[in-house]
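Engineer: Questions regarding the structure given below will be posed in turn.
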Amino acid sequence: MAAPGSLVILLFFIIPLGVVISEAFIGSEPTFATLFNDSVFWRGLGGTLVVGLSAPTLSLIVGFAVAWHMSALSERVRTTLMFWISLPLTFSGLIVAYGFILAFGRAGFVTLGLAQVGVEPTTISGFLYSPEGLAFAYSYYLIPRVVLTLLPVLVNFDRSQLKAAESLGASPLRALKDVLIPQVLPSAINAFCLVSAVAVGAYGTALALVGTQVNILPLTLYSRISDTGSDFPSAAALSVVLLALCTIILAMGELYSAKRSQSEAHH
C-alpha cells in the first residue's frame, strides 16, 4: 500500500533534491564560497528576511482577528465564509500580482483614488514595488492559511473563561493576555512559521509584480537559470540555502510545539 506513495516521494522529491545538492557540492569551483562572497546574495538575503518577517506578521494579526470573529458565528455561516476566505488559495501568483498592480500600481484605481485626497501616487506604487510591498501582496493568500490554522483552536476555546477572569477583577486586555493568548500561542507560532516559509520561498507573485527590481533570493535564483543566465552550480547552491532557510523556519515552529507539549505534560 505504501509503494505508490514511496515512488512519488522518490521521483518528485528525493531524486530532484539529490541532483540539486550534487550540483551544488560537486564541481571544480567552491560554489558556496563564491555565493557567500557575492554582495548580491547578501542583499537578496536581507530582502528575503524582510518579506519573511513582515508578511507573516501582517497575516497573523489580520488572520487572528478574522478567525476570532468567525469563531463566534454559527457553523453554517462559518462554512460559507471559509469558502470565500479560502478562495485566494486557488489563484495563481500571476493573478494575485496583476490584481495588486491594477489596484495599487502607478495607474491603479486605489492609487488614483488616494491621489484625489492628496496622497502622492508614486508613494503608493513605490511601496508596492518593494520588499514590504511584496509582503503586503503575499498576505492576500497567507491570511487564509492563518485563519485555517487558528480557527479550530478558537472555535474550541471557551469564552466563559474570559468572563470569569474579568469577574475576578482582570481587565479585558489582561484577560486576553493571561487566558486566551497562552492557549492560542502554539498554533499562532506554527501559523507564523508556516506562512513565513511560504513567503520566503515564493517567487511567482514577486516575478510578475516586480520582475527583478527587488532583490530577494527566489528572484536571484530565477535570474541565474532564466534565458539570460546559465549559472547552474550557483543556482543549485542558492536552492540549497533557500531549502535550508525554509526548513529551519518550519523546524522552529515544530520544536516550540514539542517543547510546549512536554512542558504541559510535566505539569
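Engineer: From the C-alpha gyration tensor of region 157-244, pull out the three semi-axes of the equivalent ellipsoid (sqrt of 5λ each), sorted largest to smallest, in whole Å. Please report the intermediate quantities before stating the final value.
Structural biologist: On the way: eigenvalues 448, 33, 13 Å².
After scaling each eigenvalue by five and taking roots: 47, 13, 8 Å.
Engineer: Measure off 7 Å from each Cα along the Cα-to-Cβ vector at PHE109 and THR80, then give the distance between these two points in nanometres to one decimal.
Structural biologist: Rounded to a tenth, the inter-label distance reads 2.4 nm.
Engineer: Over all directions, what mean area does the Cα convex hull of region 101-142 project, stated in square nanometres?
Structural biologist: Details: hull surface 10.9 nm².
Average of the hull's projected areas for region 101-142 equals 2.7 nm².
Engineer: What number, in percent, do you get for the relative contact order of the chain if the mean sequence gap of Cα pairs under 8 Å and at least 6 apart is divided by its residue count? Can you show the working numbers first?
Structural biologist: Working: 269 pairs, mean separation 81.8, N = 267.
It rounds to 31 percent for the chain.
Engineer: Continuing with the same structure: Using a 7 Å offset from the Cα along the Cα-to-Cβ direction at both SER226 and PHE127, what is the distance between the two label points in nm, to one decimal?
Structural biologist: The modelled label-to-label distance comes out at 2.7 nm.
Engineer: With r defined as the distance between the Cβ atoms of TYR203 and SER39 and R0 fixed at 22 Å, what FRET efficiency is calculated, to the nearest 0.05?
Structural biologist: On the way: r = 21 Å, r/R0 = 0.94.
Computed FRET efficiency for TYR203 and SER39: 0.60.
Engineer: Return the distance in nm (one decimal) between the two label points of a simple spin-label model at LEU11 and LYS259, each offset 7 Å from Cα along Cα→Cβ.
Structural biologist: Here the modelled spin labels are 4.1 nm apart.
Engineer: Which whole-number value in Å³ per residue fits the convex hull of the alpha carbons of region 86-192?
Structural biologist: Values: hull volume 15.9 nm³, N = 107.
In region 86-192, the Cα hull volume divided by residue count equals 148 Å³.
Engineer: Are there chymotrypsin sites (Phe, Trp or Tyr not before Pro) in region 42-133 that DSSP marks as loop and that have at most 15 other Cβ atoms within 10 Å, and which are they?
Structural biologist: Numbers: sites: TRP42, PHE64, TRP68, PHE83, TRP84, PHE91, TYR98, PHE100, PHE104, PHE109, PHE127, TYR129; in loops: PHE91, TYR129.
Taking region 42-133 and a limit of 15 other Cβ atoms within 10 Å, the loop chymotrypsin sites (Phe, Trp or Tyr not before Pro) found are PHE91.
Engineer: May I ask you to give the solvent-accessible area per residue for the chain, in square angstrom, as obtained with a 1.4 angstrom probe?
Structural biologist: Numbers: 15150 Å² over 267 residues.
Roughly 57 Å² per residue, with all protein chains present.
Engineer: Over the Cα atoms of the chain, what Rg and Dmax result, in angstrom?
Structural biologist: 21.9, 71
Engineer: Okay, moving on. Note the angle between two axes, namely the Cα long axis of helix 131-155 and the longest principal axis of the Cα atoms of the chain, as a number of degrees from 0 to 90, rounded to the nearest 10.
Structural biologist: Roughly 40 degrees, rounded to the nearest 10.
Engineer: Arrange the peptides 147-153, 175-181, 49-55 so that the one whose residues have, on average, the most other Cβ atoms within 10 Å appears first.
Structural biologist: Details: 147-153: 19.3, 175-181: 15.7, 49-55: 21.7.
Top of the packing list down: 49-55, 147-153, 175-181.
Engineer: Could you point to the residue in ALA208, PHE13, LEU58 farthest towards the positive end of the chain's charge dipole, with +1 and -1 charges on the Cβ of Lys/Arg and Asp/Glu respectively?
Structural biologist: Of ALA208, PHE13, LEU58, it is LEU58.
Engineer: Then there's this: With the full set of protein chains in place, find how many percent of the accessible area of the chain is carbon and sulfur; take the probe as 1.4 Å.
Structural biologist: 69
Engineer: For the chain, what is the mean residue ellipticity at 222 nm derived from helices alone (per DSSP H run of n ≥ 4: -39500 (n - 2.57); sum divided by total residues; nearest 500 deg cm²/dmol)? Intermediate results must be reported in sequence, preceding the final value.
Structural biologist: Working: 15 runs with 205 residues, N = 267.
One gets -24500 deg cm²/dmol as the mean residue ellipticity at 222 nm.
The values are calculated or read from the model by the stated rules, or taken from the named source; none is laboratory data. Everything numeric in this text was worked out from a predicted model, so none of it was measured. Positions of Cβ are generated from backbone atoms using ideal geometry, with glycine treated the same way; all protein chains shown enter the neighbour counts. Note: areas computed on protein heavy atoms with side chains; ligands, DNA, RNA excluded. Shrake-Rupley method; radii C 1.70, N 1.55, O 1.52, S 1.80 Å.
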